[in-house]
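The next block holds one structure in the form of structure tokens; read it before the comments.
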Amino acid sequence: MQYRKRITKRVIDILIASVLILILAPLALVIAMAIYIESPGPIFYYQKRVGKGYKIFPFFKFRSMRINADKEVDALKAQSQYLQNENSKSSISEEKKLTPHSIRVSDDEIISETAYLEEQEQDEKAAFFKLEDDPRITKVGSFIRKTSIDELPQLLNVLRGEMSIVGNRPLPLYEAEKLTSDSAIERFQGPAGITGLWQVTDRGKSDVGVESRIAKDIYYARNYNLLMDMWILFKTPFAAVQKVNV
């Protein structure tokens, strides 16, 4: 793949991020104090995320969950909204695995091409992890999530050159590793961003499927330009406040 590097976009990112950090510093201090008072521990949270070209970087946020919330992901994945919207993952029958037209997928496993493709599709459906009324979120965390204040530390990611103000959402490793098929890989050709096309159209909606999100990410990766970024920035304040606890 060829990745576009646009100097104008980078300059605008630096200017916007610098100005916002200066303006929002007092708010950030208040939020930091509220987080620590309710749930003593680190104020900031960082997680390894995958951005443009599958580049891995530390992704910063204000901590909105209780300590060690990451360890509860596997136990909660069955409740993910994306899995529910796709009617969960269907099992692949043994008959499909044993059909004559088989391919080797590991040193000790041979299955049919049909079964292999179905497994890939199921992995993509399970890639995005999102819960409604996530039990790990604190009260302060619920507020800063609904108002998108938890995203403010990502301005540091922008200054570091790991993200853009506008782009596709960088994904956790356990989500990105599922999106390596030809139908999804192109989303990683676009820059990682704080806000993006999906955020201003579908964020907070509980009935949005995985295919819709991937399609919007791919569309942005193929077509992003200054005019589109300006439109997304204009729409972002209206999309920032969520009514659903996701």
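Things worth noting here:
- Space enclosed by the convex hull of the alpha-carbon atoms of the stretch 135-234, per residue, Å³: 122
- 3J(HN,Hα) along the stretch 225-237: 7, 4, 5, 5, 4, 5, 5, 5, 4, 5, 7, 4, x Hz, from the Karplus curve 6.51 cos²θ - 1.76 cosθ + 1.60 with θ = phi - 60°, whole Hz, x for Gly and Pro.
- Summarising the amide proton neighbourhood of residue 152: residues at separation of 5 or more, or on other chains, whose placed amide H is nearer than 5 Å comprise 62.
- Annotation: amide H-H contacts under 5 Å for residue 169 (H modelled 1.01 Å from N, sequence separation of 5 or more, or interchain): 193.
- Near residue 48, the amide H atoms lying under 5 Å from its own belong to 59; only residues 5 or more places off or on other chains count, and H is placed 1.01 Å from N.
- A simple rule links phi to the HN-Hα coupling: the Karplus curve 6.51 cos²θ - 1.76 cosθ + 1.60 with θ = phi - 60°, which for the stretch 40-45 gives x, x, x, 7, 9, 10 Hz, with x for Gly and Pro.
- Which listed pairs, of 52/139; 55/178; 139/178, have C-alpha distances above 27 Å, in listed order: 52/139; 139/178
- Relative packing of peptides 185-196, 142-153, 38-49 - highest average C-beta neighbours within 10 Å first: 185-196, 142-153, 38-49
- Residues in the stretch 182-190 carry Karplus couplings, in order, of 4, 6, 10, 4, 5, 4, 7, 7, x Hz; the curve used is 6.51 cos²θ - 1.76 cosθ + 1.60 with θ = phi - 60°, and Gly or Pro positions show x.
We did not get these values from a lab; they are worked out from the coordinates using the rules stated. Since this is a predicted model, take the numbers as computed values, not measurements. We place every Cβ from the backbone using ideal geometry, glycine too, and count neighbours over all the protein chains shown.
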